[in-house]
Amino acid sequence: MVNAYLDAGIQSRMNRIISPIDNRVVMLAIDHPYFQGPTTGLRDMSTTVKTLLPYCDCLMTTRGAVRSNIAPEDLGSKPIMLRVSGGNSVLFDDLSDEQVTVSIKEAIRMDAAGVAVSVFIGSANQQRTILNLTDMINSAEEYGIPVLAVTAVGKDMARDLRYLALASRICQDAGARIIKTYYCDEFPKLVEWVAPTAVVVAGGKYSSPPDALEMAYNSVQAGAAGVDFGRNIFQDDNPVGMIRAIGAIVHEDHTVREALEVYSSCLPGARKLD
Ligand code: 5RP
């Protein structure tokens, strides 16, 4: 039976982002240059996109990167989660002073499947960033576009359940359809407290294949819809192996050991990305 109250535009875009078959997603985060400039692995972003696009379900990136780094023939092949907040750089210690940087009209024009806004809970700019999120949700929902909220963590904030659940729940209450946050101890509680909102887990700084894969495994086993990893994929010596191993964990429920076998099978011919 057709649900008369179903928000068809939102649902259709959510289905492009998170597979309705298994409710999971491998999102590839390559939005780092918006505040970090030429990040290792993203200096030659066109090659990074060409190499990894076939293996991700969704690409989280910026307006400039879509224009400059996705080949015309690849546009539309994977949904774009467009980052629409920014306004700072690593040259400042405090990165929280963000504003909305891309209009909803532009996001629609670019065929974004969703838009992403960061909030910096507990920072000097907490209110500004929550209002960035709510303002964007107000405009995006009008056009059936889901908003992903990123719970950015300032240098002085603990990445613990108390903080991340607080930030995530604020994002849910604001109306975010997807929450991107960090893995922490007792992570299943966080997922439970924001259910049924989908949660994707950020990778953080480059660690190692076993550690990153374990985080991906624990995240989905805890109920996360998937991961939105960046540096742990594109800064690895075997980036294709890494994203394929993550895909095996997210979509095929592989164990870490099985995923490491997928990783190793891609080692011959692996090429580091610049
Ligand atoms: C930071 C972001 C990043 O751009 C993205 O999450 C970084 O991904 P990773 O930590 O896996 O490299 O959204 O708030």
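The values are calculated or read from the model by the stated rules, or taken from the named source; none is laboratory data. Not measured: the values here are computed from a predicted model. When we count neighbours, we look across all protein chains shown, and the Cβ atoms used for this are built from the backbone with ideal geometry, even at glycine. We work out accessible area using only protein heavy atoms, side chains counted, and drop any ligands, DNA or RNA first. Shrake-Rupley method; radii C 1.70, N 1.55, O 1.52, S 1.80 Å.
A few comments on the model shown:
- Of residues in region 203-245 being of a type in the set (Asp, Glu) and assigned to a helix (DSSP H, G or I), the one nearest to the ligand (Cβ to nearest atom): Asp211
- Every pair of residues 6+ apart whose Cβ atoms lie under 7 Å, when the first sits in region 104-116 and is more than 16 Å from Arg16 (Cα to Cα) while the second is within 16 Å of the ligand (Cβ to nearest atom): Glu106/Arg63
- Failed criterion for Ala65 (all others in (1) within 13 Å of the ligand (Cβ to nearest atom); (2) within 16 Å of the chain's Cα centre (by Cα); (3) in a loop (DSSP other than H, G, I, E, B) hold): (3)
- Residue match in region 2-21 (condition: at pLDDT 95 or above, within 13 Å of the chain's Cα centre (by Cα) and among the charged types (D, E, K, R)): no
- Within region 144-178, being open to solvent by 50 Å² or more (accessible area, probe 1.4 Å) and closer than 14 Å to Met14 by Cβ holds for one residue alone: Arg177.
- Region 213-252 - residue that is over 22 Å from Cys184 (Cβ atoms) and either acidic (Asp, Glu) or modelled with pLDDT under 95 (or both) and, of those, most open to solvent (accessible area, probe 1.4 Å): Glu252
- The condition of being within 16 Å of the ligand (Cβ to nearest atom), more than 23 Å from Leu53 (Cβ to Cβ) and open to solvent by less than 30 Å² (accessible area, probe 1.4 Å) holds for Val199.
- Test for Met45: is it within 25 Å of Gly241 (Cα to Cα), open to solvent by less than 10 Å² (accessible area, probe 1.4 Å), of a type in the set (A, V, I, L, M) and within 15 Å of the ligand (Cβ to nearest atom): no
- Condition check for Val153: under 30 Å from Leu260 (Cβ atoms), in contact (Cβ under 8 Å) with a residue 40 or more places away in the chain and touching a Lys or Arg at 6+ places or on another chain (Cβ under 6 Å): no
- Out of Ile233, Ile243, sole residue that is touching a residue at least 60 places away in the same chain (Cβ under 8 Å), touching a Cys at 6+ places or on another chain (Cβ under 7 Å) and under 14 Å from Ala29 (Cα atoms): Ile243
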